[in-house]
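What follows is calculated from the coordinates using simple rules that are stated; it is not laboratory data. From a predicted model like this one, the values you see are computed outputs, not experimental measurements. Quick reminder, even Gly has a Cβ in these numbers, built from the backbone with ideal geometry, and neighbours come from all protein chains shown.
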Amino acid sequence: MGFYLSGQLLTEDYYAFNKLAKGLIGTNNIDTNSRLCMSSAVAGYKATLGADAPPACYDDVNHAQCLFIVGSNTAWAHPILFRRIEDARAANPQLKIVVADPRRTDTAAMADLFLPLLPGSDVMLFHAMLHVMLREGWVDRGYIARHTQGFDALEALVADCTPARAAAVCGLPAEDIVTAARWFAGVDGSANGGGAARAPALSLYCQGLNQSTSGTAKNAALINLHLATGQIGRPGAGPFSLTGQPNAMGGREVGGMANLLSGHRDLGNAQHRAEVAALWGVADVPARPGKTAVEMFQAAADGEIKALWIACTNPAQSLPDQATVRRALERAEFVVVQEAFATTATAQYADLLLPATSWGEKTGTVTNSERRISRVRPAVPAPGAARHDWAAAVDFAQRLQARLRAPGSADLFPYPLDDAEAGAEALWNEHRANTQGRDLDITGLSWPLLEARGPQQWPWPAGQAQGTARLYADGVFPTSDGRARFAAQPWQPVAEPCDADYPFALTTGRLRDQWHGMSRTGTLGRLFGHAAEPAVQLHPDDMAALRVADGDLVRLDSRRGTLALPVQPDAGVARGQAFLPMHWGSEFLMGRGADGRPLGGVNTLTNPAYCPGSRQPELKHTAVRIARAGDWAWHLLALAWLPQDSAHTTRTALAAVLAELPYAHCVPFANAAGRTGVLLRGAAPSAPTSGLIERIEGLLDLAGEDTLRYADTARGQHRAMRLAVDPGGQATLEALLLGGDARAGAWLRTLLLDALPVQSYGRLLLRPGSEAPVAVVSRGKPVCVCLDVTDTAIEAQLAQCHGDDADRLAQLQGALRCGTQCGSCVPQLRRMVRHSLSAQPA
Ligand SMILES: Nc1nc2c(c(=O)[nH]1)N[C@H]1C(S)=C(S)[C@@H](COP(=O)(O)OP(=O)(O)OC[C@H]3O[C@@H](n4cnc5c(=O)[nH]c(N)nc54)[C@H](O)[C@@H]3O)O[C@H]1N2
Ligand SMILES: Nc1nc2c(c(=O)[nH]1)N[C@H]1C(S)=C(S)[C@@H](COP(=O)(O)OP(=O)(O)OC[C@H]3O[C@@H](n4cnc5c(=O)[nH]c(N)nc54)[C@H](O)[C@@H]3O)O[C@H]1N2
Ligand SMILES: [Mo]
């Protein structure tokens, strides 16, 4: 059997599951979605610094003179940290920001030096930076001699990683690599400024490094740079891996992975196994390494794993190579899904669906990127039959134990199920005992202390007066000889390089206002203001070469499946590359496997190849073919406002119907007043004959007497509209469906979304292909979702703002308040300000 868990569980949940699997059942087949997220960071830290511990802290942003942001769209994915970066920049105009990302993101817009490297080429970039540092004498030989091991091999490896060679591999100007090396080293370019004279450099990095078949090598090569220059263990310096999920750190602490054990111990280490067995009071923990995420689902697809217990993650959306994942979920004899929402793709495969509480209902702890442990407290009571995740695991464990345990043997699960606070605290206390003498020792912490003094950083051993802000200030590392290790791993290309058949490099990543599979954010139509529908982004020149315009349908084929999506121009995407948000699962976006079977979501396409060191799959690179979907001549567009209470069920039913089309997507929308609706798009070679339109019309309440219709079956044209007429005779659109030629969609969509009066348009409404009347002007696209401020309103306001960019931004925000709530749209506002003209002061 296999357990597949999540970095969104609380530490106590994780601890209970881990003990159940490794301590009672005797399997190490327990892994988590952190395998898709942080495992390369873990492997990189351990290979170099000796332990899985980010050495820096958030305050370092305020001390750094150089921020090296690599493979992270911090502006969108870590918005609170990004606000700190903006503040640091305002407080210190000398701060240098370098961003290395194949895409020109909102984060890159903040950079003094932007390095649009080719996907997967990071190791070469870092090696070339080290090459330059060596050549120029910018490394810190004293630090290397005192605190590290293995530099000679690395020096030999980077000898031929010249900026010229790296320029070719990475697709970057050689001089930019030299500049990055100089700023990182913190020297002014001439003198060898060692030690304290060096301006501190802080690296911030995330999935652009981790989700790669070179994930471990990428992390280690970046840490090499910190060790070679002594940029670690002092304020403003260090390799700071940004954690993705709220408690991926806690999961790592309790060893909730197939290769780890409690308290940052390793399963492969016999002494570690013996220590944990003694702490738990069991004879032993199994030695055989468990199956990691991708391997676990492959094993289930092969029939080797027969039971899967999935908690707090949605693998039928988030794992690569969905064809295999779906086969696994179908073939497994028993699938338990423990979820807070019954609507996920994975929940559809559950033999047993256990309702779980979610963050606002739970009690326990989480640890953030800077090793800081926070208490989580319930804001609302648990709904219905929902239980805490640890309670489900412990209840099961107690029952199993009652059957297996020899009389008189110790009770492994003595946590009260009837008292959530006491149960969770007891679990946490046991976890604390497991950390004694380890690098993450928290024996000096307690729940009362967290209660009294707020969130605290580890390590905090007993007897210490406070937690630890930064690690390795003394240059002593948690290795056998106290020295850090340089890792000398060469650059290797991506697993599936682009070729003539699959010429585009597809990458996937986050949107600003959505969370993963959108089980939560996807229920809030308003969050679709920023990205309303699934779309693939391409460079405008590639669009011209493919003869497609903004909004046209394209087909994306990889070796594993097919999706079709509208295309959008984005000059921030390099030529030969494509970007697809990772959020669209089969709940929203239909697709097909290579065998033609219905699949869906972005991971229909992605590659399960993984890093040999970390076993993290290469979600950031898939070779794809992109072509205009010209052979699909019949198009569908439907929009409808839905009653609040049935909106979600209607959308789920629609998704099932739409899976019959070769291409379709289905997303919610909302207006500022909180009214929600659904939007569908689809395409097929010709009009479907299977009663599909009628079923969709039924679901959208377009089947009644009050529906206006037009049909020309011979030409495959179909129109249906339902209006609402107020007592004053004003009519607005409630629902519409266009089949055949859906080109008129844009203006009809505006009419519906903005509730514009439609009575004057008469038959235009139903005429296929009719052009938008001039009077139909959209209120615009929301930029600030928090305060519902549109681009149209911002542009109108900017026409009256004057002064320099900072003045105009201040005036804009003063007038419309946009970007003053969560701040995520500030990079976009800055761009709009930059592109606007200063008005003459009144
Ligand atoms: N809004 C929002 N925020 C989130 C999440 C969310 O779902 N929504 N999820 C959270 C989680 S779990 C995580 S793990 C983090 C992820 O946070 P990030 O890693 O910052 O976000 P991503 O968009 O996945 O990827 C980051 C960037 O990697 C770039 N990239 C792709 N290939 C390469 C490469 O070869 N080298 C380099 N240097 N860069 C590359 C992509 O272009 C992308 O801009 O976000 C967290 N925060
Ligand atoms: N193509 C591509 N794929 C990716 C990525 C990518 O960049 N590109 N990123 C990867 C990364 S970094 C990550 S972290 C994963 C995330 O992938 P998932 O883990 O699948 O993402 P979520 O949608 O956050 O899934 C969490 C699920 O838990 C449920 N839930 C919420 N709270 C609770 C709770 O307290 N208890 C229980 N039992 N359930 C709860 C939610 O409803 C949700 O369905 O995706 C990975 N997949
Ligand atoms: Mo993640």
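On a per residue basis, the convex hull of the C-alpha atoms belonging to the chain measures out at 181 Å³. Can you compute the FRET efficiency between residue 411 and residue 474 using 1/(1 + (r/R0)^6), with r the Cβ-Cβ distance and R0 = 45 Å? Round to the nearest 0.05. So, using R0 = 45 Å, E works out to roughly 0.60. From most to least packed by mean Cβ count within 10 Å, the peptides 700-713, 534-547 give 534-547, 700-713. A straight line joining the Cα centroids of region 1-46 and region 645-716 runs 41 Å. When each of the peptides 329-340, 573-584, 159-170 is scored by the mean number of other C-beta atoms lying within 10 Å of its residues, the order from highest to lowest reads 573-584, 329-340, 159-170.
The modelled label-to-label distance for the pair residue 764/residue 597, using points 7 Å beyond Cα in the direction of Cβ, is 4.9 nm. Computed from label points 7 Å out along Cα-Cβ, the spacing between residue 746 and residue 352 is 5.4 nm. Using the Cβ of residue 791 as centre and a radius below 13 Å, the other residues enclosed give a net charge of +1, where K and R count +1 and D and E count -1. Label separation (residue 656 vs residue 838): 6.1 nm, computed from points 7 Å beyond Cα along the C-beta direction. Sequence-ordered 3J(HN,Hα) estimates for region 566-580 from the Karplus curve with 6.51, -1.76 and 1.60 and θ = phi - 60° stand at x, 9, 10, x, 8, 5, x, 8, 6, 4, x, 10, 8, 10, 10 Hz, glycine and proline given as x.
The residues 284, 188, 741, when put in order of fewest to most other Cβ atoms within 10 Å, stand as 188, 284, 741. Over region 87-205, the reciprocal of the mean inverse Cα-Cα separation, the Kirkwood hydrodynamic radius, stands at 15.1 Å. When each of the peptides 96-103, 504-511, 203-210 is scored by the mean number of other C-beta atoms lying within 10 Å of its residues, the order from highest to lowest reads 203-210, 96-103, 504-511. Once the C-beta distance of residue 541 and residue 403 is scaled by a Förster radius of 60 Å, the resulting FRET efficiency is 0.35 to the nearest 0.05. Residue exposure proxy: 718, 127, ordered by other Cβ atoms within 10 angstrom of their Cβ from fewest to most, comes out as 718, 127. Taking 0.36 nm per residue of sequence separation and removing the Cα-Cα distance, the residue 552/residue 709 pair yields an extension gain of 53.9 nm.
Pulled fully out, how much extra length does the chain show between residue 792 and residue 83, if you take 0.36 nm times their separation in residues and subtract their Cα-Cα distance? 252.7 nm is the gain from fully extending residue 792 to residue 83. Here the gap between residue 645 and residue 631, fully extended at 0.36 nm per residue and compared with their Cα-Cα distance, gives a gain of 1.2 nm.
Using only the Cα atoms of region 729-814, build the gyration tensor, take square roots of its eigenvalues as a ≥ b ≥ c, and label the shape rounded, prolate or oblate: rounded if a/c is under 1.5, else prolate if a/b is larger than b/c, else oblate. In terms of gyration-tensor shape, prolate. At a Förster radius of 41 Å, what calculated FRET efficiency corresponds to the Cβ-Cβ distance of residue 806 and residue 777, to the nearest 0.05? Given R0 = 41 Å and the Cβ-Cβ separation, E is 0.85. Could you grab the relative contact order for region 60-156? Cα pairs under 8 Å, six or more apart, rounded to a whole percent. In percent, rounded to a whole number, it is 22.
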